[in-house]
Amino acid sequence: MAEKFSVEEAIMKLNDEDVEVRKIAVESLEHINNDNIVDPLIVALCDENTIVKHKAAEILGQMGEIAVDKLIDKVNNSEGDEKRFASFALKGTGSKKAIEYFSNSLEDEDWGVRKIAIRSLGELKATEYIDKIAELITKEPDWGVMLAGVHSLGDMENDEAIVAIKKIRRNAKKFLTDEQDVKDFKKAANKAIKKIEKIMKNK
């Protein structure tokens with residue numbers, strides 16, 4: 001890659017007409033812990049190039065609490081692809097402030113947003129949503145989101161999550177019609193249970 005830009009140059013060149021210049025610009029802002037770059041990176045989440053958007057989201061996530069409030073405002077006022085990338089950025093922050101947004105996004109019309117939301121609640125150990133996640137898994141039309149929900153429960157690391165996983169595993173044939181899907185789902189459920197049991201044993 002070409003030599004990186006200074007912070008000031010990078011911010012300016014995020015609006016350059018040349019996508020290759022924008023890619024260098026966004027890369028130049030990685031590991032810069034400065035709240036002056038938050039707004040320009042949030043604008044970059046709307047870039048027409050996927051690489052630029054993804055990198056901007058990644059960097060915003062790495063910035064943690066510095067970017068959280070503005071990202072929450074962004075996701076609450078976005079839709080479509082823009083909301084998906086902003087949600088991905090918010091997930092990366094690992095901030096407890098994001099729990100309310102993710103809980104409200106569990107039934108978003110965009111499967112990508114739902115997947116990020118359900119996975120994030122597990123990573124944030126939002127155990128108060130175990131029952132809601134378990135219930136939504138049985139109604140979720142997207143296979144990827146469904147599995148993300150199982151992984152999320154596996155991240156909760158308590159007996160309540162194990163009980164919830166066992167219950168949906170037992171009823172898998174009620175919400176899955178394909179035999180192979182049932183087998184794959186139960187396999188994922190068993191893996192999640194073993195993960196929790198191993199962590200609890202080592203505590």
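The values are calculated or read from the model by the stated rules, or taken from the named source; none is laboratory data. This structure is a prediction, so every number in the text was calculated from the model and none was measured. Glycine also receives a Cβ, built like all others from the backbone with ideal geometry; neighbour counts cover every protein chain displayed.
When you scan segment 151-200, how many residues do you find that are of a type in the set (Val, Ile, Thr) and within 17 Å of Glu128 (Cα to Cα)?
4
Residue-by-condition table, conditions (1) under 21 Å from Glu123 (Cβ atoms); (2) modelled with pLDDT under 95; (3) in contact with a helix residue (DSSP H, G or I) (Cβ under 6 Å, 6 or more places away or on another chain):
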| position | (1), (2), (3) |
| --- | --- |
| Ala2 | no, yes, yes |
| Val21 | no, no, yes |
| His31 | no, yes, no |
| Leu41 | no, no, yes |
| Asp47 | no, no, yes |
| Lys70 | yes, no, yes |
| Gly92 | yes, no, yes |
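For a quick check of your reading of the model, give me the residue pairs whose first member lies in segment 164-179 and is assigned to a helix (DSSP H, G or I), whose second is exposed (fewer than 13 other Cβ atoms within 10 Å of the Cβ), with beta-carbon atoms closer than 8 Å and at least 6 apart or on different chains.
Here the result reads Phe175/Lys139, each pair linking segment 164-179 to a residue that is exposed (fewer than 13 other Cβ atoms within 10 Å of the Cβ).
In this structure, is Ser120 within 11 Å of the chain's Cα centre (by Cα), touching a residue at least 12 places away in the same chain (Cβ under 8 Å) and in a helix (DSSP H, G or I)?
Considered against the rule, which asks whether it is within 11 Å of the chain's Cα centre (by Cα), touching a residue at least 12 places away in the same chain (Cβ under 8 Å) and in a helix (DSSP H, G or I), Ser120 comes out as yes.
Would you check which residues across segment 10-20 are within 16 Å of Val43 (Cα to Cα) and either assigned to a helix (DSSP H, G or I) or not assigned by TED's automatic domain parsing to the domain that holds Glu48 (or both) and list them?
Hits for segment 10-20 are Ala10, Ile11, Met12, Lys13, Val19.
Mind listing just one residue for me: the one in segment 133-163 that is not polar (S, T, N, Q) and not in a helix (DSSP H, G or I) and, of those, nearest to Lys191 (Cα to Cα)?
By that ranking, first place goes to Asp155.
Could you list, in sequence order, all residues of segment 137-192 that are within 18 Å of the chain's Cα centre (by Cα) and surrounded by fewer than 16 Cβ atoms within 10 Å (Cβ to Cβ)? Quick ask: steps written out before the conclusion?
Taking segment 137-192 and keeping what is within 18 Å of the chain's Cα centre (by Cα), we get 137, 140, 142-156.
Within segment 137-192, Asp142, Trp143, Gly144 qualify.
I'd like the full set of residues that are surrounded by fewer than 21 Cβ atoms within 10 Å (Cβ to Cβ) and outside any helix (DSSP H, G or I), limited to segment 21-44.
Hits for segment 21-44 are Glu30, His31, Ile32, Asn33, Asn34.
Out of Asp47, Asp18, I need the residue that is of a type outside the set (A, V, I, L, M, F, W, C) and surrounded by 13 or more Cβ atoms within 10 Å (Cβ to Cβ). Which one?
Asp47
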